[in-house]
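J.: Have a look at this one.
The values are calculated or read from the model by the stated rules, or taken from the named source; none is laboratory data. Source: prediction; values computed, not measured. Here the Cβ is made from the backbone with ideal geometry for all residues, glycine too, and neighbour counts use every protein chain on show. These accessible areas exclude ligands, DNA and RNA; they are computed on the full protein's heavy atoms, side chains included. Shrake-Rupley method; radii C 1.70, N 1.55, O 1.52, S 1.80 Å.
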Amino acid sequence: TSFVDHLRRSTTTRAAIFATIHLPATRLLMEKLEASGLVTYVGKVNMNRNCPPYLRELSTNHSLRDTERWILDTKDAFQRTKPILTPRFIPSCTDDLMFGLARLREQYDLPVQSHLSWIRELCPKSKFYGDAYDQFGLFGGGYPCIMAHCVHSSEAEEERMLQNGVFVAHSPESNMNLSSGVAPISRYLKHGLHVGLATDV
């Protein structure tokens with residue numbers, strides 16, 4: 001309630017939100033956002049590795065079953081609040097989970113949101129981090145896709161993002177707090193990428 005009230009009183013009228021791995025909490029957030037009148041996408045987060053045990057889903061199958069149950073429960077339940085697939089990022093999702101999410105994305109025609117940052121050790125065959133998402137089928141190109149941060153994107157990655165219609169969610173406060181880097185927003189805009197402002201609450 002506090003989050004939704006804060007969002008409603010801000011200058012935001014549309015938002016794409018990372019919720020949690022938990023179905024009841026994600027559904028409750030969607031209900032409150034729908035009642036607020038805001039137009040939003042909300043994602044049930046997927047994480048099955050490299051995270052604290054209390055945030056790690058029990059297994060790949062459990063994560064996919066919960067995600068599909070949530071999709072079926074919410075995709076036609078609201079007028080202004082819609083589901084968006086949300087693998088937190090590749091380091092917290094195994095390959096089989098990513099491929100499973102890609103199948104759900106195609107089956108239910110859903111958009112995708114995640115974080116874009118480079119983890120070479122986990123994706124040694126990828127040319128760049130966005131290429132890893134693309135290999136899983138989760139990097140736009142025929143459906144909406146939002147990637148947060150994008151502070152280390154190469155020219156080749158920018159070109160793929162432009163080609164696939166990937167939307168950049170620029171998060172300057174988060175980048176500053178984490179000292180993770182500075183997104184070259186003026187360059188992205190000059191190259192024709194779509195950029196929006198993101199806020200971590």
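J.: Please work out if Val151 is open to solvent by 70 Å² or more (accessible area, probe 1.4 Å) and aliphatic (A, V, I, L, M).
T.: Working: open to solvent by 70 Å² or more (accessible area, probe 1.4 Å): no; aliphatic (A, V, I, L, M): yes.
Considered against the rule, which asks whether it is open to solvent by 70 Å² or more (accessible area, probe 1.4 Å) and aliphatic (A, V, I, L, M), Val151 comes out as no.
J.: Give all pairs with beta carbons closer than 6 Å in which a residue from segment 114-143 that is more than 21 Å from Gly43 (Cβ to Cβ) and touching a residue at least 12 places away in the same chain (Cβ under 8 Å) meets a residue that is assigned to a loop (DSSP other than H, G, I, E, B) and not polar (S, T, N, Q); count only pairs at least 6 apart in sequence or on separate chains.
T.: As it stands, the answer is Trp118/His152, since those pairs meet every condition given.
J.: Taking the options Glu158, Glu173, name whichever one is open to solvent by 20 Å² or more (accessible area, probe 1.4 Å) and among the charged types (D, E, K, R). Walk me through how you get there before you give the answer.
T.: Details: Glu158 fails: open to solvent by 20 Å² or more (accessible area, probe 1.4 Å).
None of the others qualify; the one that does is Glu173.
J.: Look through segment 40-77, keep the residues that are in contact with a Ser or Thr (Cβ under 7 Å, 6 or more places away or on another chain) and assigned to a loop (DSSP other than H, G, I, E, B), and return whichever of them is surrounded by the most Cβ atoms within 10 Å (Cβ to Cβ). Break it down stepwise before answering.
T.: Of all residues in segment 40-77, those in contact with a Ser or Thr (Cβ under 7 Å, 6 or more places away or on another chain) come to 40, 42-51, 57, 60, 70.
Narrowing the set further to residues that are assigned to a loop (DSSP other than H, G, I, E, B) leaves 44, 47-51, 57.
Details: Lys44: 26, Met47: 22, Asn48: 23, Arg49: 14, Asn50: 15, Cys51: 16, Glu57: 23.
For segment 40-77, the residue satisfying everything is Lys44.
J.: Considering only segment 123-137, state which residues are surrounded by 23 or more Cβ atoms within 10 Å (Cβ to Cβ) and not aromatic (Phe, Trp, Tyr). Quick ask: steps written out before the conclusion?
T.: If we filter segment 123-137 for residues that are surrounded by 23 or more Cβ atoms within 10 Å (Cβ to Cβ), which is where we start, we get 129-130, 132-133.
Once the filter is applied, which keeps residues that are surrounded by 23 or more Cβ atoms within 10 Å (Cβ to Cβ) and not aromatic (Phe, Trp, Tyr), segment 123-137 yields Gly130, Ala132.
J.: Here's something else I'd like to know. Can you tell me which of (1) outside any helix (DSSP H, G or I); (2) surrounded by 15 or more Cβ atoms within 10 Å (Cβ to Cβ) is the one Glu34 doesn't meet?
T.: (1)
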